[in-house]
Amino acid sequence: LKFEIIFRFIHQSKKSLARTGRITTPHGTIDTPAFVAVGTNAALKAIDFAKADDAGQQLIFSNTYHLLLQPGPRIIRDAGGIHKFTGREKPFITDSGGFQVFSLAYGSVKESLESGGELKRSNRKVIQSAKKRNDKCHWRSDVTGENAVTVTEDHVIFKSYRDGAKVTLTP
């Protein structure tokens with residue numbers, strides 16, 4: 001499979017900076033602007049890839065951080081890559097995983113884990129109730145806070161919220 005990505009403008013507005021384009025990849029074409037479905041763990045909820053593709057879905061967004069923790073790079077690699085792992089040949093895009101890693105120390109991921117996986121709520125009673133249930137859920141409470149993440153020029157080391165294992169993420 002030759003890895004080449006081509007982007008070209010299809011139309012440029014004469015009144016603004018708006019434009020349409022087309023991205024051609026080895027796995028298919030993506031017209032822009034586009035609706036991109038989010039399959040955090042390389043899976044969609046409530047619809048399978050075939051039906052999404054039939055509906056015109058050209059691109060699926062998956063999350064590097066979540067894929068790194070589960071199923072993990074070895075399983076995806078041994079399957080032959082994300083396309084063979086999922087059985088979908090059309091394009092995928094992934095992020096860096098950096099937002100979630102840094103959020104372990106200071107942001108929304110930390111708050112979500114500390115609340116027992118509940119969505120962040122403005123009602124403190126709901127948060128306190130979730131914290132009381134924390135020992136019954138699968139989220140780990142020892143993987144967040146200021147010492148949760150070590151960052152160097154070469155990598156980021158953090159603990160998995162699933163099992164507490166040290167995980168290294170490189171550029």
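Structure values in brief
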read-out: Out-of-range pairs (alpha-carbon distance over 29 Å; input Lys90/Lys159; Lys51/Lys166; Lys14/Lys45; Lys45/Lys84); value: Lys90/Lys159; Lys51/Lys166; Lys14/Lys45
read-out: Residue-span extension gain [Lys166 to Val38] - 0.36 nm each, minus C-alpha spacing; value: 43.4 nm
read-out: Mean Cβ neighbour count within 10 Å, used as a protection proxy, ranking 39-46, 81-88 highest first; value: 81-88, 39-46
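Bear in mind these aren't lab numbers, they're just calculated from the coordinates by the rules spelled out. Being a predicted model, the structure only gives us computed values, none of them experimental. Cβ atoms come from the backbone with ideal geometry, glycine included; neighbour counts cover every protein chain shown.
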